[in-house]
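Taking it in order: structure first as structure tokens, then the write-up.
The values are calculated or read from the model by the stated rules, or taken from the named source; none is laboratory data. In this text the structure is predicted, and so the values were computed from the model without any measurement. Note: ideal-geometry Cβ built from the backbone for every residue, glycine included; neighbour counts use all protein chains shown.
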Amino acid sequence: MTTISLTRTLTASAILISAALLPVHATAGDALSADLGKYPGSTLAAPTGHVSVKFHQNKLSVAYDLEKTTPSSSGGVHIHTGSTCSDAEKVGGHYWSPDLGEDTWKKATWNSDKQGKATGELTIQTGYDYAQNLSHALVIHDSEGRRIACGLLGVAPNSGY
Ligand SMILES: [Cu+2]
């Protein structure tokens, strides 16, 4: 009995230590993030920064942290159907399930301050989960709907959400 409980204690400790050493989201499979770059072919000024997406139940939490946007402005922040940021013809439209009845991305917008910094979070339902969104293009639009930045959604690095 003593041996068994000692083994259990050691195993439990080993699991706790492993979990503590691992980046929070590396194996959890519940968060994606995209580093933004220029939209392919665009000559418009592109914001920099990143967008993280967390998944829980059937909702997505989209957190954006952008710089160099037009000051005191707003625009769309969407996940698109394509999986590239190098070919504008393949980025596609909004990625959501038609089963939901309407394009839920239409309400997803960023808002910037006077310095052109935009930080915020929104919740949205798209009908698609973590695995389905992996590698998709995250697109930033300006206030006129033009596509100005793009980044591919990859596994979120550690706890930098
Ligand atoms: Cu879009």
Subject >> Selection count, the range 76-102, where residues are of a type in the set (A, V, I, L, M, F, W, C) and modelled with pLDDT under 95 >> reply: 1
Subject >> Qualifying residues in the range 134-143 (those that are part of a loop (DSSP other than H, G, I, E, B) and touching a residue at least 60 places away in the same chain (Cβ under 8 Å)) - the one farthest from E67 (Cα to Cα) >> reply: L134
Original post:
Looking at the range 88-126, which of its residues are under 13 Å from Y64 (Cβ atoms) and hydrophobic (A, V, I, L, M, F, W, C)?
Top reply: A108, W110, A118, L122, I124
**OP:** Within the range 65-98, work out how many residues are within 13 Å of the ligand (Cβ to nearest atom), outside any loop (DSSP other than H, G, I, E, B) and either of a type outside the set (V, I, T) or free of Cβ contacts under 8 Å to residues at least 60 places away in the same chain (or both).
**Re:** 6
**OP:** Within the range 99-133, track down each residue that is within 16 Å of the ligand (Cβ to nearest atom), surrounded by fewer than 16 Cβ atoms within 10 Å (Cβ to Cβ) and touching a residue at least 40 places away in the same chain (Cβ under 8 Å).
**Re:** L122
Original post:
Looking at the range 43-64, which of its residues are in contact (Cβ under 8 Å) with a residue 60 or more places away in the chain, surrounded by fewer than 18 Cβ atoms within 10 Å (Cβ to Cβ) and under 20 Å from Y95 (Cβ atoms)?
Top reply: N58, K59, S61, A63
**OP:** Tell me, please, whether a residue that is part of a strand (DSSP E or B), closer than 20 Å to P47 by Cα and out of contact with any helix residue (DSSP H, G or I) (no Cβ under 8 Å at 6 or more places or on another chain) can be found in the range 153-161.
**Re:** yes
**OP:** Tell me which residues, restricted to the range 134-146, are within 13 Å of the ligand (Cβ to nearest atom), within 12 Å of I79 (Cα to Cα) and not small (G, A, S).
**Re:** H136, L138, V139, I140, H141
**OP:** Take the range 39-64 and flag every residue that is closer than 22 Å to Y130 by Cβ, more than 16 Å from the ligand (Cβ to nearest atom) and of a type in the set (S, T, Y).
**Re:** S52, S61
